[in-house]
Every structure is written in structure tokens, then in C-alpha cells.
């Protein structure tokens, strides 16, 4: 399931890995529906996740030191998010998938 989005992230990220001061990472965290069920049974909420599906949360991190690269990195982040979103949308027919981008820059 993550091959397409991961390959896109890898392709975009590989274009600037030699730039000093830039760190790139991606992580995946499974969120089984049982984790969302427990708070709901206690009357609480877990970031408003319903418990009808298992999920996979991904975090893409681009950290940079030189402020001179901020404008350029903004374009890279946008290209990454759009490309990952498009690949996730392509998988919707196979899985119950929701794409909620959160970008902190």
C-alpha cells in the first residue's frame, strides 16, 4: 500500500539530498481500529478517528537550516504532498483511505 507514495517521496527527496543542512525523513505508524475504539468506549475521542477502519499514518519531514532555501523548499513540500495525495487517492478503490495533509513549515 505504501510503495507508490513512498517511491514518490523518495524520488522528490533524492533531488536535493546533497544540499548542506537539509534532513529528510518519512515514518509510518499503524493505527489499528482498536486504538480508536478504546477511547470511544470510555466516552473520549482520539483526534476524531472513527473506529471503522485500520489506518496508517505517515509523517514526512523536511528540515533545513539555511533560510535562503525556504522558498525553494516550499515548492518541494507542495510537490511531495500533491504527489503523495494523488497516489493515495488512486488506492481508494482498494482500501478505505482518507488523506488529511498537515503541513508545518
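Quick note: the coordinates plus some simple rules give every number you see, no bench work behind them. Predicted, not measured: the structure shown is a model, and the values here were computed from it. Every residue, glycine as well, gets a Cβ built from its backbone with ideal geometry; the counts of neighbours run over all protein chains shown.
Descriptive notes on the structure:
- The stretch 1-78: proportion of alpha-carbon pairs further apart than 16 angstrom, %: 61 percent
- Once the chain from residue 3 to residue 40 is taken as fully extended at 0.36 nm per residue, the excess over their C-alpha distance is 10.1 nm.
- You can think of it this way: the chain between residue 10 and residue 78 has 23.0 nm of extra reach, that is 0.36 nm per residue less the Cα-Cα gap.
- Note on residue 28 and residue 86: the model spin-label points, each 7 Å out from Cα along the C-beta direction, lie 2.1 nm apart.
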